[in-house]
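The values are calculated or read from the model by the stated rules, or taken from the named source; none is laboratory data. This one's a predicted model, so the numbers in the text were calculated from it and none came from an experiment. Cβ placement follows ideal geometry from the backbone for every residue including glycine, while neighbour counts extend to all protein chains displayed.
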Amino acid sequence: MTRILLLGGTGDALNIARHLGAGDVYSLAGLGKVPQDLACEVRVGGFGGGDGLAAYIDAQRIGLIVDATHPYAARISANAAFASRLCDVRCWALRRPPWQPRAGDDWRFVGGWENLCVALDGFFRPLWTIGREPLRHLDRIPPHQYWTIRCLDDHPGNAQAQVIGARGPFTHDGERALFDRCGTDVVVSKHSGGAATEAKLDVARERGLPVLMLERPALPDADRTFDTADALLAELHVLRALAGVRTMRSG
């Protein structure tokens, strides 16, 4: 039976993990809630780069890597591709399609933190939805701005920023209430795709607000790529079924 190493941390990855067995491993970087109700092993923490990941794959006799990390987790995806080649172990990747703009959207794509700060200069009440990165810059908020930062974990913030610890999916009514409460005049987002956090884009469109969209990083090729968790799970079931047939034939 092929032992699977699932690199996760997203809702899609958790959905896949719920279909894994006792011999498989679900790996998390350590941020957010650690699931306690899975049949597979859960591993929390890094591997020590691509070489460390390769050593783990060899030691644990992993037969398939499944990269279901966030579309912006470029370093982890690069390490997975490197370890896959080094160990001659297949790597399947879930590549979530990005959102597509609709009529009325005002999306402004920016690359990197410095360019993002320049694009933000003319706004006053940004809503940040790109994770923990803004927390590193709380002491450099321009005097005319007040930030609302939404990420997975609570944080004290400061006189010019509030931090909201929350995990999607988010509803349209909830996002409208948040925009009203915070006086949001611009949304800062990753071009992540998926339904769980899309409501903020719909509300921004309704209100004619711009969205500063961080460009996606380039990700490495994988042996197979999938647009949805369901498509990847279907192929995992086929893989397991074929492995069972081979086991029966050799028995």
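Data for the structure
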quantity	calculated
Members of segment 201-243 that are modelled with pLDDT under 95 and of a type in the set (S, T, N, Q)	228
Flag for residue 51 being farther than 17 Å from residue 235 by Cβ and out of contact with any Leu (no Cβ under 9 Å at 6 or more places or on another chain)	no
Tabulated pairs, segment 181-197, first more than 28 Å from residue 12 (Cβ to Cβ), second of a type in the set (D, E, K, R) and in a loop (DSSP other than H, G, I, E, B), C-beta under 7 angstrom, 6+ apart or interchain	182/125; 183/125; 185/125
Answer from 241, 196, 229 - the residue that is within 29 Å of residue 16 (Cα to Cα), surrounded by 14 or more Cβ atoms within 10 Å (Cβ to Cβ) and out of contact with any Pro (no Cβ under 8 Å at 6 or more places or on another chain)	229
Residues located in segment 47-65, provided they are closer than 23 Å to residue 131 by Cα and surrounded by 13 or more Cβ atoms within 10 Å (Cβ to Cβ)	47, 49
Hey, residue 159 of a type in the set (A, V, I, L, M) and surrounded by fewer than 13 Cβ atoms within 10 Å (Cβ to Cβ) or not	yes
Residue match in segment 19-38 (condition: surrounded by fewer than 14 Cβ atoms within 10 Å (Cβ to Cβ), on the phi < 0 side of the Ramachandran plot and at pLDDT 95 or above)	no
From 18, 102, residue being touching an Asp or Glu at 6+ places or on another chain (Cβ under 9 Å), free of Cβ contacts under 8 Å to residues at least 60 places away in the same chain and not polar (S, T, N, Q)	18
Residues within segment 130-186 that are closer than 18 Å to residue 118 by Cα, under 21 Å from the mean Cα position of the chain (by Cα) and among the charged types (D, E, K, R), tallied	2
Residues of segment 177-236 satisfying the condition of being of a type in the set (Phe, Trp, Tyr) and not assigned by TED's automatic domain parsing to the domain that holds residue 75	179
Scan of segment 25-62 for residues that are among the β-branched types (Val, Ile, Thr) and in a helix (DSSP H, G or I), ordered by number	57
Spans of strands (runs of 3 or more DSSP E) in segment 63-111 with at least 1 residues touching a Cys at 6+ places or on another chain (Cβ under 8 Å)	64-67
The listed residue being in the same structural domain as residue 189 (by TED's automatic domain parsing), crowded, with 16+ Cβ neighbours inside 10 Å, assigned to a helix (DSSP H, G or I) and not polar (S, T, N, Q), out of 127, 116	116
Scan of segment 190-223 for residues that are under 15 Å from residue 119 (Cβ atoms), in a loop (DSSP other than H, G, I, E, B) and within 17 Å of the chain's Cα centre (by Cα), ordered by number	191, 215
So residue 177, is it farther than 30 Å from residue 14 by Cα and of a type in the set (A, V, I, L, M, F, W, C)	no
